[in-house]
Number of protein chains: 2
Amino acid sequence: MEMTDGKKAHFAGNVTADDVALAAGVSRWTVNRAFRKDASISAKSLEKVMAAAERLGYVPDLRAASLASDRSNLVALLIDDFANPHKLVMMERLTRILRREGWDILLVNTLDRDDAGHALLNASQRRVDAVILIGIQFDDEVLETALHARRFRKLIIFARTSQNPNTISIAVDDVLAIKEMANYVNARGYRRPMFLAGPQTYSAHLLRKETFVEYWREHFGNEPEIVGVPAYDPVLAAGIVMEKLSERPALALPDILVCENDALAMGAIDVIRHRLNLRIPEDIAVTGFDDVPQAASPNYQLTTYRQPLTEMGEYLVEVLQSSETENLDRLFEGKLIVRDSA
Amino acid sequence: MEMTDGKKAHFAGNVTADDVALAAGVSRWTVNRAFRKDASISAKSLEKVMAAAERLGYVPDLRAASLASDRSNLVALLIDDFANPHKLVMMERLTRILRREGWDILLVNTLDRDDAGHALLNASQRRVDAVILIGIQFDDEVLETALHARRFRKLIIFARTSQNPNTISIAVDDVLAIKEMANYVNARGYRRPMFLAGPQTYSAHLLRKETFVEYWREHFGNEPEIVGVPAYDPVLAAGIVMEKLSERPALALPDILVCENDALAMGAIDVIRHRLNLRIPEDIAVTGFDDVPQAASPNYQLTTYRQPLTEMGEYLVEVLQSSETENLDRLFEGKLIVRDSA
DNA sequence: CCAGTCTTTGCTCACGTGAGCAAGAGGATT
DNA sequence: AATCCTCTTGCTCACGTGAGCAAAGACTGG
């Protein structure tokens, strides 16, 4: 590339395969092959090309590669729940694993339920190979819209089970998990549980509440009290727990709060300890789900359930690379983490 | 597009502008113009095109658009510090604002210092228009590498001041902020401060420690004690504070811990209260920086300093859209948030 | 009704790569 | 040395759009 053409030589970015080919004394296609792992190229050519590329500062243009090959190696990650610290853990794990396997991630903030459609449209314009939902506000309607448009190959629901047969769900086995949790609660002698549930969605569902209720009914013949929180937000959870418990006589209080996840549990603990002035776990015990980093803090010492995120992420990569279209759903077994809160 | 061509008609995604043009009775270029906001097109054509596009499920292919126009409307967001909850807040704000303005975000996890180069290379292959660093491990060497390669137009350091003249830094005015904080500390009568600092980088610097030290020297003629933590991680901070303070007699303890950010402050509070069994703020007060959501929790009630993230994000968009190349650095004024911890 | 002006439209060319094919190079076998 | 096979290389064509130009159309004022 001549420097006479000042405008075009502004970035090293528009060094193209042709320039490298000229410098290395091979054809353009040999240059491109040098950067593709599946291509057949002689060791000598590879070395020449790489040396020239290094010298000129060439890197292949993935936009063009994607356009020509119809594979973008790009996935959209849709999130709507930035109040939940577990999302940070999930993002760290997914970005790490996906990048290692050559996938890039388009981060999309699904502002609210009505925005999900726009978010999907947005992602589809980049021709992502797959959409991964780690949000919560995706109900049937949104999923159907997404699947109907079909502008991406795969719709993956991560860390949440989906009833929709056209989605791929990679999640922890809620039934197994909550049974283990309920067994623990039972064995420790708690008898007046209250279940703190998050927002209820339809297609992308957590089976935690149902499983717990069923367990309790089966073992004790009665229904545990259930309280719903409209978002996985500790502050919101704190407000609702306060409202539910503050006026009650001690005997009418639950002896344990089983929470659908850590975000809710942490909000609950804050309220129980600092506003109701009760002890944890002596007056009210609390359990969570996810094992976020803060759960280990001395403030919470939360008994919770850890999802095998790394394993789930590895499987996600498999799913992305797979050409299968059916039976890709998978459930994983996590681990009960016992601390002081219950 | 004929359905006889089963392979190609698999997605609605490869409905192309040609198909829409045929359906709408206009040329392909008119179709594309209909989707470009700066293009000149008659109301009648626009309507026809949009109707046909809707019917066929057409959305423009941004890969091709980017290839042809040399503008990707894509920025890479490089993060290496997922332990700090403030990152979640920043991501929420940035994704929200950037998407509204038509920018998509490539999320890149910069695993460690040595990986930053790979991360930048990765981003450059997508021909991003700008790289935004909200990580911390970017030292001179990495910045120089990035700038030398010059595969993107702008290198933006967000929420951190940079000494490097080739980067654009959008940050809170640390000097102003810490002076205000120090004034508050002073006014409340604290006289034995300890400064808890994060990792020391060179180019992308926080001026917090220096400013505080200078203030103290100026007002009291002595140097405050400084303790360094190699990452903004509450758990790490807790360990180091424990190590520093556990063996000291009460009189040798600081009366306030001024922390470089909330992540460190929260770790410190956990240790002071639960392991050293001291009261906050009576025995040791604590201040933070950032005002993460957890800072308002009853566990922390952290006195801290809030960065005007929304304003900073809006300015970031301006910078992205600007064709200026110089003097784009900008400092913002935040707000001291007084709570119970100091 | 016509010249002048502004708006809209269609076209050529370019962006940088991959798929798939055919030709070439190189080595082993007969 | 001729034949066959395999590995490597170069080529044609295609991916779906934008920039910029020229032609066509619409509008204005005299």
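Using only Cα atoms, tell me the angle between helix B:116-125 and the longest principal axis of chain B; keep it within 0 to 90° and round to the nearest 10. Between the helix axis and the principal axis of chain B, the angle is about 20 degrees. Label separation (B:Thr145 vs B:Arg55): 5.4 nm, computed from points 7 Å beyond Cα along the C-beta direction. Build a GNM of chain B with springs between Cα atoms under 10 Å apart, and of B:Ala23, B:Ala65, B:Ala177 the one that fluctuates most is B:Ala23. 3J(HN,Hα) along region B:302-316: 7, 6, 8, 10, 8, 7, x, 4, 5, 4, 5, x, 4, 5, 4 Hz, from the Karplus curve 6.51 cos²θ - 1.76 cosθ + 1.60 with θ = phi - 60°, whole Hz, x for Gly and Pro. Buried surface for the A/B pair, taken as the accessible area of each chain alone minus that of the pair with a 1.4 Å probe, is close to 5400 Å² in total. Each of B:Glu210, A:Glu311 has its accessible area taken with a 1.4 Å probe; listed largest first, they run A:Glu311, B:Glu210. Label point of B:His148 (7 Å along Cα→beta-carbon): distances to the other copies' equivalent points are 5.5 nm, sorted ascending. The trypsin sites (Lys or Arg not before Pro) of region A:69-131 meeting both criteria, a DSSP state outside H, G, I, E and B (loop) and at most 14 other C-beta atoms within 10 angstrom of the site's C-beta, are A:Arg71. The share of accessible area on region B:148-193 that comes from carbon and sulfur is 47 percent, using a 1.4 angstrom probe.
Placing unit charges on each Cβ (+1 for Lys and Arg, -1 for Asp and Glu) gives the protein assembly as shown a dipole about its Cα centre, and among B:Ser40, B:Ile105, B:Leu143 the Cα reaching farthest toward its positive end belongs to B:Ser40.
By DSSP, the beta bridges lying fully in the protein assembly as shown are antiparallel in about 15 percent of cases. Mean separation of Cα pairs under 8 Å and 6 or more residues apart, divided by the residue count, gives region A:174-306 a relative contact order of 23 percent.
One Cα centroid belongs to region A:240-256, the other to region A:49-101; the line between them spans 48 Å. The residues of region A:249-287 listed by number as losing at least 30 Å² of accessible area in the complex, against the isolated chain and with a 1.4 Å probe, are A:Asp270, A:His274.
For the protein assembly as shown, the solvent-accessible area of protein heavy atoms averages 44 Å² per residue (probe radius 1.4 Å; ligands and nucleic acids excluded). Helical runs (DSSP H, four residues minimum) scored at -39500 (n - 2.57) apiece and divided by the length of the protein assembly as shown put the mean residue ellipticity at 222 nm at -12500 deg cm²/dmol. Along region A:280-294 the Karplus relation, 6.51 cos²θ - 1.76 cosθ + 1.60 evaluated at θ = phi - 60°, assigns HN-Hα couplings of 10, x, 4, 8, 9, 8, 9, 10, x, 7, 2, 6, 5, x, 5 Hz to successive residues, with x for each Gly and Pro.
Give, rounded to the nearest 20 debye, the magnitude of the charge dipole that region A:12-60 has about its Cα centre when Lys and Arg contribute +1 at Cβ and Asp and Glu contribute -1 at Cβ. Once rounded to the nearest 20, the dipole reads 140 debye. Close amide H pairs (under 5 Å, H built 1.01 Å from N) link A:Phe332 with A:Ala171, A:Val172, A:Asp173, residues at least 5 positions away or on another chain.
If only the Cβ of Lys and Arg carry +1 and only the Cβ of Asp and Glu carry -1, the dipole of the protein assembly as shown around its Cα centre is close to 1060 debye.
The alpha carbons of chain B give a radius of gyration and a Dmax of 25.5, 86 Å, in that order. Between the amide H of A:Ile256 and those of A:Arg192, A:Met194, A:Ala285, distances stay under 5 Å, these residues lying 5 or more places away or on another chain, with hydrogens modeled in the peptide plane.
Given B:Lys209/B:Lys335; B:Lys179/B:Lys209; A:Lys244/B:Lys87, which pairs have Cα atoms separated by over 21 Å? Over 21 Å Cα-Cα: A:Lys244/B:Lys87. Expressed as a whole percent, the accessible area of region A:269-341 that falls on carbon and sulfur atoms is 41 (1.4 Å probe). Return the single residue from B:Val59, B:Val241, B:Val213 with maximal mean-square fluctuation; model: Gaussian network over chain B, springs between Cα atoms under 10 Å. Among B:Val59, B:Val241, B:Val213, the largest mean-square fluctuation in the Gaussian network model of chain B belongs to B:Val59. Spin-label model, A:Val235 to B:Leu328: label points 7 Å out along the Cα-to-beta-carbon direction sit 3.2 nm apart.
The values are calculated or read from the model by the stated rules, or taken from the named source; none is laboratory data. Quick caveat: nothing in here was measured; it's all calculated off a predicted structure. Positions of Cβ are generated from backbone atoms using ideal geometry, with glycine treated the same way; all protein chains shown enter the neighbour counts. Accessible surface areas use protein heavy atoms only, side chains included; no ligands, DNA or RNA. Shrake-Rupley method; radii C 1.70, N 1.55, O 1.52, S 1.80 Å.
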